[in-house]
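Please read the structure below before turning to the comments.
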Amino acid sequence: MSKTKQYYIDLDSIPVKVTEEVYRAYKRPIWRERKRRNVRAKYELSLDMMREGIADPKPLLENQVIDSISLSDALATLSDGDRRLIEALFYECMTEREYAAKTGISQKNVNKKKQRILANLEKLLSS
């Protein structure tokens, strides 16, 4: 006899037993926001960290502007579909799974396309 897992959500500090479907629907936005915060934190540099390593932030700003212009030029070389994918994943913070559902292709295919596009952008930016 297998024991089924029970799911609860807290409503006004009172645990309420719910189905797995209701539990997942309730928790999904919380999980998504947590994932987005973790991803952002991984790629953001704090101002304090930049100040510790750089005496004059002006060259850093100039480099960021140059890098931004270079990235804009590189993104302009992408096809419309590739550019939409990159914008959705990196600028709109959409997950691969969300983009796959929106476009009707598999998440695995979205990941492969993303990896291919990023490799091409890396080549363009390093040359």
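Quick look at the values:
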{"item": "Positive minus negative residues near TYR7 (Lys, Arg vs Asp, Glu; Cβ under 15 Å)", "result": "+3"}
{"item": "For segment 84-93, Karplus couplings with θ = phi - 60° (6.51, -1.76, 1.60), whole Hz, Gly/Pro x", "result": "4, 4, 5, 4, 5, 6, 9, 9, 9, 6"}
{"item": "Set of lysines near LYS27 by C-alpha distance (under 26 Å), chain-local residues within fewer than 8 positions excluded", "result": "LYS3, LYS5, LYS17, LYS35, LYS42, LYS102, LYS108"}
{"item": "Residue-wise HN-Hα coupling along segment 12-21, computed from phi with Karplus coefficients 6.51, -1.76, 1.60 (Hz; x: Gly, Pro)", "result": "6, 6, 10, x, 10, 6, 9, 6, 4, 4"}
{"item": "Average Cα contact separation per residue, segment 1-44, under 8 Å, 6 or more apart, as relative contact order %", "result": "25"}
{"item": "Estimated distance in nm for a label pair at LYS108 and CYS93, the labels positioned 7 Å out from Cα along Cα-to-Cβ", "result": "3.0"}
{"item": "Additional length obtainable on full extension of the chain from ARG84 to VAL39, 0.36 nm per residue less Cα span", "result": "14.2 nm"}
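Read the figures in this text as sums done on the coordinates, not as results from a lab. Note that the coordinates shown come from a computational prediction; the quantities given were computed from them, not determined experimentally. Note: ideal-geometry Cβ built from the backbone for every residue, glycine included; neighbour counts use all protein chains shown.
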